[in-house]
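Some notes on the structure that comes next.
Rule-based calculations on the coordinates, nothing more; no lab input. As the structure is a computational prediction, the values presented were derived from the model and not from experiment. Virtual Cβ from ideal backbone geometry, glycine too; neighbours counted across all protein chains shown.
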Amino acid sequence: MDSNTLIMGLIIIAVIIVPIMFIQMSQNGKKKKAKNTFIAEAKSNNVHVSEMDFWGTYYAIAIDKDENKLVYSKKTEEETEEETEWITADLSSVTDCFIQKTDKTIQNKTTSKIETERIDLVLRTNGQKDYVLEFYNIDVNFEMTTERALLEKWQAIVKKQVAAVKVAA
């Protein structure tokens, strides 16, 4: 093999791989920063996280089983904290927990297709406004990946916590 060909091949590989590695490291740094910010915000609201999940680049959820609280955040703008939706739900006021799915029908001349637009975890409360926790929104995340499994996991966690509190009371 000619040394010029080898050098050109290595340059082309470097031009492709270096940006990908840089993007990956940048995304990991943003995720770590978002996780640390979420934990700090939870602590400032007197919530000591016992279990948590992060998905996409925008969503986080955690539970404090001792205080019977659930915290959720959705960050819509990367640069400003004002664009972060923060919900602290007192699970002692929750009476039901269910999954709410919103679909839309897309039609063209020959076919129609049903597409999931949103999936939320709804915490029904006793006499208060329900908590609606968005787990998937097509306007935020183009493709659904782990959202369905996380949604079912957190529905089970909340139902178990609500049932445990009712038994203890």
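Specify the residue that is surrounded by the fewest Cβ atoms within 10 Å (Cβ to Cβ); the eligible residues are those in the stretch 109-143 that are assigned to a loop (DSSP other than H, G, I, E, B) and under 11 Å from the mean Cα position of the chain (by Cα).
Restricting to residues being assigned to a loop (DSSP other than H, G, I, E, B) and under 11 Å from the mean Cα position of the chain (by Cα), the top hit is VAL140.
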Problem set entry | All positions within the stretch 39-70 that are of a type outside the set (Gly, Ala, Ser) and within 12 Å of the chain's Cα centre (by Cα) | MET52, ASP53, PHE54, TRP55, THR57, TYR58, TYR59, ILE61
Exercise. Would it be correct to say that SER26 is more than 30 Å from LYS69 (Cα to Cα) and not aliphatic (A, V, I, L, M)?
Worked result: yes
Seminar exercise, completed: Here the qualifying pairs (Cβ atoms under 7 Å; residues six or more apart or on different chains; first in the stretch 103-132 and under 29 Å from LEU70 (Cβ atoms); second surrounded by 10 or more Cβ atoms within 10 Å (Cβ to Cβ) and small (Gly, Ala, Ser)) come out as LEU123/ALA89; THR125/SER93; ASN126/SER93; GLN128/SER93; TYR131/ALA89
Exercise. So LYS74 fits all but one of (1) of a type in the set (Lys, Arg); (2) exposed (fewer than 15 other Cβ atoms within 10 Å of the Cβ); (3) under 14 Å from the mean Cα position of the chain (by Cα); (4) not in a helix (DSSP H, G or I); what number is the exception?
Worked result: (2)
Exercise. Which one of the conditions (1) crowded, with 17+ Cβ neighbours inside 10 Å; (2) charged (D, E, K, R); (3) within 20 Å of GLU147 (Cα to Cα) does LYS65 fail to meet, given that it meets all the rest?
Worked result: (3)
